[in-house]
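The values are calculated or read from the model by the stated rules, or taken from the named source; none is laboratory data. Nothing here was measured: the structure is a model prediction, and the numbers come from that model. With ideal geometry, Cβ positions are generated from the backbone for all residues, glycine too; neighbour counts draw on all protein chains shown. For the accessible areas, the whole protein counts, side chains as well, though only heavy atoms, and no ligand, DNA or RNA atoms are used. Shrake-Rupley method; radii C 1.70, N 1.55, O 1.52, S 1.80 Å.
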Amino acid sequence: MDVFEAVSKRRSIRKYKDTPVEDEKLQNILEVARIAPSAANRQEWKFIVVKNKETREKLVEAANGQAFVGEAPVTIVACSTESERVMPCGQYAYTVDISIAVSFMILEATALGLGTCWLGAFDEEKVRNILNIPERIRVPAMFTVGYADESPHQRPRKHLDEVVSSEKYVTW
Ligand SMILES: Cc1cc2nc3c(=O)[nH]c(=O)nc-3n(C[C@H](O)[C@H](O)[C@H](O)COP(=O)(O)O)c2cc1C
């Protein structure tokens, strides 16, 4: 599967089979995070792989009651180990770095035949407490991984001519 195909086929999956995710596939998913780019190549990140059923149930509550978090066999929690650095462009590096790593992992999971769902609706403090994450560590994202038990259609997107302009910014 090439990158375009993985991007096109990916869907947010919120219904999972019980089937466990093979360790080899999980290793591949984590490897793409390891080799993902980051600002100044600082790699200020840690990824927590959660498979334990009790812990996943606790994460449901931390994720605003989203039940599929407990049903997916794996949740990967992306932590930033340095959250102060601002790039010359004015943006915090950590949110960008973590988003790249998580995007790469989600696409790799898609290429391996797995479903994922990015999670932004969660209480960071509760996730920290459940997973023993120190206060200074930020948690910008987590995502579920497992074999999909649904095949959603592609969700609607804006047309390219609504989001692309040539040479200058255009206010539509
Ligand atoms: C930053 C971010 C946060 C998200 N948070 C959640 C979430 O907490 N729960 C959820 O079910 N989906 C979440 N999603 C999934 C989006 O709802 C989904 O990507 C969007 O509706 C488009 O659907 P698709 O992913 O199937 O193309 C999130 C996606 C992103 C990129």
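Data for the structure
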{"item": "Residues within the stretch 88-105 that are without any contact (Cβ under 8 Å) to a residue 40 or more places away in the chain and assigned to a helix (DSSP H, G or I), tallied", "result": "1"}
{"item": "Qualifying residue in the stretch 33-42 (condition: within 13 Å of the ligand (Cβ to nearest atom), open to solvent by less than 50 Å² (accessible area, probe 1.4 Å), farther than 17 Å from G120 by Cβ and outside any helix (DSSP H, G or I))", "result": "no"}
{"item": "The stretch 60-73, residues that are within 16 Å of the ligand (Cβ to nearest atom) and closer than 23 Å to L107 by Cβ", "result": "A63, Q66, F68, V69, E71, A72"}
{"item": "Members of the stretch 57-86 found to be part of a helix (DSSP H, G or I), surrounded by 17 or more Cβ atoms within 10 Å (Cβ to Cβ) and of a type outside the set (F, W, Y), listed by number", "result": "K58, L59, V60, A62, V69, G70, E71"}
{"item": "Hits in the stretch 1-42 - residues which are β-branched (V, I, T) and either within 15 Å of the chain's Cα centre (by Cα) or more than 30 Å from Y92 (Cβ to Cβ) (or both)", "result": "V7, I13, T19, V21, I29, V32"}
{"item": "Tally of residues being surrounded by 12 or more Cβ atoms within 10 Å (Cβ to Cβ), within 16 Å of the ligand (Cβ to nearest atom) and part of a loop (DSSP other than H, G, I, E, B) across the stretch 113-146", "result": "3"}
{"item": "M1 vs. criteria modelled with pLDDT under 95, of a type in the set (A, V, I, L, M) and touching a helix residue (DSSP H, G or I) at 6+ places or on another chain (Cβ under 7 Å)", "result": "yes"}
{"item": "Single unsatisfied condition, T110 versus (1) within 11 Å of the chain's Cα centre (by Cα); (2) not hydrophobic (A, V, I, L, M, F, W, C); (3) not in a strand (DSSP E or B)", "result": "(1)"}
{"item": "Close pairs (7 angstrom Cβ cut-off, 6 or more residues apart or separate chains): under 28 Å from E22 (Cβ atoms) and of a type in the set (G, A, S) in the stretch 146-168, more than 15 Å from the ligand (Cβ to nearest atom) and open to solvent by 80 Å² or more (accessible area, probe 1.4 Å) anywhere", "result": "G146/K17"}
{"item": "All positions within the stretch 78-108 that are under 21 Å from R11 (Cβ atoms) and within 15 Å of the ligand (Cβ to nearest atom)", "result": "A78, S99, I100, A101, V102, S103, F104, M105, I106, L107"}
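Conditions tested, residue by residue: (1) within 16 Å of the ligand (Cβ to nearest atom); (2) loosely packed, with under 13 Cβ neighbours inside 10 Å; (3) under 19 Å from E71 (Cβ atoms).
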site	(1), (2), (3)
E5	yes, yes, no
R11	yes, no, yes
K15	yes, no, yes
N28	no, no, no
E44	no, no, no
V50	yes, no, yes
T55	no, no, yes
